[in-house]
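The next block holds one structure in the form of structure tokens; read it before the comments.
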Amino acid sequence: MTLPRQTRPAATLALGATALLLASGVTAPAHAAPSPRPAAAGSLPAVTPVAETAPLFDDEEGGNANADDPAIWRNAADPARSLVIATAKEGGLRVYDLDAAQVQALPAPAGPGPDDAPGRFNNVDLVHGMPLTAGPADIAVVTDRGNDRLRVYRIDRNRPDRPLTDITDPAASPVFSADQAEINDQRTAYGLATWTDPATGRSYALVSRRHETTVALLELVATPGGTVGYRKIRSLDLPASFRMPNGASWTPCAEPGERPQIEGMVVDPATGTLYAGQEDVGIWRVRADLGGRPQLVDKVREYGVPATYDEQTEECVAGADPGYGGRRLSADVEGLTLITEPDGDGYLMASSQGDNTFAFYDRELEDGNEYEAGLRITARSREIDGSEECDGAAALNQPLGPKFPHGLLVVQDGHDAPHDGERTATNFKFVDLGKVMSRIDD
């Protein structure tokens, strides 16, 4: 079986088994015992989008724009005028209204020289009430993978046609790289989740590193000039290799020199828990301050499958499945988001790219983040298709005016039909969160 890096089929399903991890201080899944076979992806319940954004094209004509990760900002004064802020990689940042119409586009900053990597916006998250010189403000924080920095934008509800303003501290330094040569190698800032510590009121960004297993905790710092910078507090390295129940060591297959990276991340503010998706491994949870022991909540089906990288085809050729993987996710695991409920319950949602589905886990730690349901997002019409190979997702379970009175789910679509063909077309789908909740609560 040959597994391309981005479009791998699901591995053969088999009974799960608890894996002993090589890295010290890491705990295996608490609920790794065998469970009944899940429903096939095609038989899962489905919802359809209400609207979609215009396609972005990842070519020179389209400005090398590629939809990736969304965040939902609620306008407390007028919820119907809330916004979706989304990354477009080299295409920078896009802002949409609740009709999925674009209201603002901000370019990614260029590299310092013509031969240096260009700016590339990967992930976005929000901080509410950040204390700035002029008073508290809501801000959008973005990982600029191209320049290995965080970019920060103030959100102004009184400027509906230009709601975002760049307030990044010009002195902000690279997150991971020592110099421009390292930045150009692009082992740079990648995934992102923000978190405000209720005990101190301080806000942080948790940032993963491309092609590495590192997650860094950065404190966001307001400057006297009204800008926002950051300082690194600590970092954590998740495992790159794992010991299987049969005693063998397993490392996820990748191009030479690449380690199993993390991208999708979200923090549950109620418990101060970070959930991080290691793309070829599964979903981890750990304290948002990066203390304590990481625990593997669930594994991808391909976990433990031996594979060899073929340099000619640039694909991973897989061997026999030993049956150590999970049962709900197909690599890559991406797009983590939190759906909160007023009673403190809710769900952790994850994009299962390999089979174009979404998995929902119980938010409550005492229930071990138990798997609850699966869902597909399918085509509404020829013009509004579903979501395939979803990279990023964001959910907000609050009323957003008459269009989304029960909240909103926004997901990236990696193949926007009917536009995706000779040109790579991506976009974002807007889904009624109330419909999602009714399907997964059935």
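The values are calculated or read from the model by the stated rules, or taken from the named source; none is laboratory data. Being a predicted model, the structure only gives us computed values, none of them experimental. Cβ placement follows ideal geometry from the backbone for every residue including glycine, while neighbour counts extend to all protein chains displayed. Each accessible area value is taken on the protein alone, full model and side chains, heavy atoms only, with ligands, DNA and RNA left out. Shrake-Rupley method; radii C 1.70, N 1.55, O 1.52, S 1.80 Å.
Brief remarks follow.
- Test: residue in segment 403-414 that is among the aliphatic types (A, V, I, L, M) and out of contact with any strand residue (DSSP E or B) (no Cβ under 6 Å at 6 or more places or on another chain): no
- Segment 59-77, residues that are farther than 25 Å from Phe358 by Cα and out of contact with any Gly (no Cβ under 8 Å at 6 or more places or on another chain): Asp59, Glu60, Glu61, Asn75, Ala76, Ala77
- Counting only strands (runs of 3 or more DSSP E) that sit wholly inside segment 243-356, those with at least 3 residues that are under 17 Å from the mean Cα position of the chain (by Cα) are 262-268, 273-278, 282-287, 295-299, 333-340, 346-352.
- Test: residue in segment 148-158 that is of a type in the set (S, T, N, Q) and open to solvent by less than 40 Å² (accessible area, probe 1.4 Å): no
- Filter pass, Asp432 being buried (at least 24 other Cβ atoms within 10 Å of the Cβ) and out of contact with any helix residue (DSSP H, G or I) (no Cβ under 9 Å at 6 or more places or on another chain): no
- Lone qualifier among Ser235, Ser241 - being in contact (Cβ under 8 Å) with a residue 24 or more places away in the chain, under 30 Å from Tyr324 (Cβ atoms) and open to solvent by 50 Å² or more (accessible area, probe 1.4 Å): Ser235
- Hits in segment 406-427 - residues which are crowded, with 21+ Cβ neighbours inside 10 Å, assigned to a loop (DSSP other than H, G, I, E, B) and small (Gly, Ala, Ser): Gly407, Gly414
- Candidates Val142, Val84, filtered to the one that is in contact with a strand residue (DSSP E or B) (Cβ under 6 Å, 6 or more places away or on another chain), of a type in the set (Val, Ile, Thr) and farther than 29 Å from Arg380 by Cβ: Val142
- Meets criteria (under 20 Å from Ala394 (Cβ atoms) and either touching a Ser or Thr at 6+ places or on another chain (Cβ under 6 Å) or outside any strand (DSSP E or B) (or both)) for Gly91: yes
- Check on Val281, among the β-branched types (Val, Ile, Thr), surrounded by 21 or more Cβ atoms within 10 Å (Cβ to Cβ) and more than 27 Å from Asn397 (Cα to Cα): yes
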